[in-house]
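Below: the structure, in structure tokens.
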Amino acid sequence: MKALVAYYSDTGNTEKLARGIYEGVEQAEKEILPIKEVKNVEGCDIIFCGFPVQSHSVPGKAVAFIKGIPKGKKLAFFATHGSLRGGQLAIQAFYYALSLASKITVLGTFGCRGKVKSGIIDALMNKAEHRSWAIEAQGAVGHPDEGDLEDARAWAGEMIAKARAS
Ligand SMILES: Cc1cc2nc3c(=O)[nH]c(=O)nc-3n(C[C@H](O)[C@H](O)[C@H](O)COP(=O)(O)O)c2cc1C
């Protein structure tokens, strides 16, 4: 079993989560890389693919990576977002990610909050299309925290078990 944890991260939150997921992968060969450094996923049995939610969606660089994953691979998505964990705004981005991977087996998703730079929240608060998540995002300070990482490690273990069983 070989696992790849591939992530895109602008300000470090998704990278931190990726490292938690990497730690949670046990009894498997494993590698962790930013998506721009991934050359080939052919030898991977499971790919964990992570991104920050941006504008309620998946950033373009992560979209391109997901679209390039060959058919027949097993995938698990993870994301950080300023809005509430399990909230509609984050779920919307996962739905989009799932639609991009319609020919790939997606074993699961994991999302948690990630702090948003205060300058960004201030700037977006006055823009109608960003206001709802910008208000929620004020509460994301300190995330991902140890509780998020603990959940992420447990989730990674579940995904590995699913990949072995499928
Ligand atoms: C340009 C931009 C757009 C964002 N849009 C959203 C959004 O629509 N919904 C949300 O919950 N968080 C949004 N965020 C917050 C990020 O998803 C969050 O801070 C994330 O943890 C950043 O991850 P990173 O440090 O890996 O880049 C946005 C952040 C930026 C910079």
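The values are calculated or read from the model by the stated rules, or taken from the named source; none is laboratory data. These numbers come from a predicted model, not from an experiment. Ideal geometry is used to build each Cβ from the backbone, glycine not excepted, and the neighbour counts take in all protein chains shown. These accessible areas exclude ligands, DNA and RNA; they are computed on the full protein's heavy atoms, side chains included. Shrake-Rupley method; radii C 1.70, N 1.55, O 1.52, S 1.80 Å.
Accessible surface computed residue by residue for the stretch 1-104, with neighbouring protein chains in place and a 1.4 Å probe, gives 46 Å² per residue. The residues packed around Val58, meaning those with a beta-carbon under 14 Å from its beta-carbon, carry a net charge of +1 if Lys and Arg are +1 and Asp and Glu are -1.
Sorting Thr11, Thr80 on solvent-accessible area from highest to lowest, probe radius 1.4 Å, gives Thr11, Thr80.
Out of all DSSP beta bridges in the chain, what portion is antiparallel? Express it as a percent rounded to 5. Provide the component values of the computation, followed by the final result.
Numbers: 1 of 27 bridges.
Bridges in the chain are about 5 percent antiparallel.
Expressed as a whole percent, the accessible surface of the stretch 58-124 that belongs to carbon and sulfur atoms is 57, based on a 1.4 Å probe. Size descriptor for the stretch 125-166, Kirkwood hydrodynamic radius: 12.9 Å (Cα pairs only, one decimal). For the chain, the longest principal axis of the Cα atoms and the long axis of helix 13-24 meet at an angle of about 30 degrees. Computed over the alpha-carbon pairs of the stretch 26-166, the distance histogram in 10 Å steps reads 11, 39, 34, 13, 2 percent, short to long. Remark: for residue pairs Lys117/Lys162; Lys127/Lys162; Lys30/Lys61; Lys2/Lys117; Lys71/Lys117; Lys36/Lys74, the C-alpha separation exceeds 31 Å in Lys117/Lys162; Lys127/Lys162; Lys2/Lys117; Lys71/Lys117.
Angle of helix 128-137 to the longest C-alpha principal axis of the chain, folded into 0 to 90 degrees and rounded to 10: 70°. Here each label is just a point 7 Å from Cα along the line to Cβ, and for Lys67 and Tyr96 those points are 1.3 nm apart. 3J(HN,Hα) along the stretch 145-158: 10, 4, x, 4, 5, 5, 4, 5, 5, 5, 4, 4, x, 4 Hz, from the Karplus curve 6.51 cos²θ - 1.76 cosθ + 1.60 with θ = phi - 60°, whole Hz, x for Gly and Pro. Estimated from helices alone, the mean residue ellipticity of the chain at 222 nm is -13000 deg cm²/dmol (sum of -39500 (n - 2.57) over DSSP H runs with n ≥ 4, per residue). Between amide H atoms placed 1.01 Å from N, distances below 5 Å from Ala79 occur with Phe51, Phe110, Gly111, Cys112, all of them 5 or more places distant or on a separate chain. With contacts defined as alpha carbon pairs under 8 Å and 6 or more residues apart, what's the relative contact order of the chain in percent? After rounding, I find 26 percent.
Subtracting the Cα-Cα distance of Leu84 and Glu26 from their residue separation scaled by 0.36 nm leaves 18.0 nm. Counting only Cβ charges, +1 for Lys and Arg and -1 for Asp and Glu, the dipole size of the chain around its Cα centre is about 580 debye.
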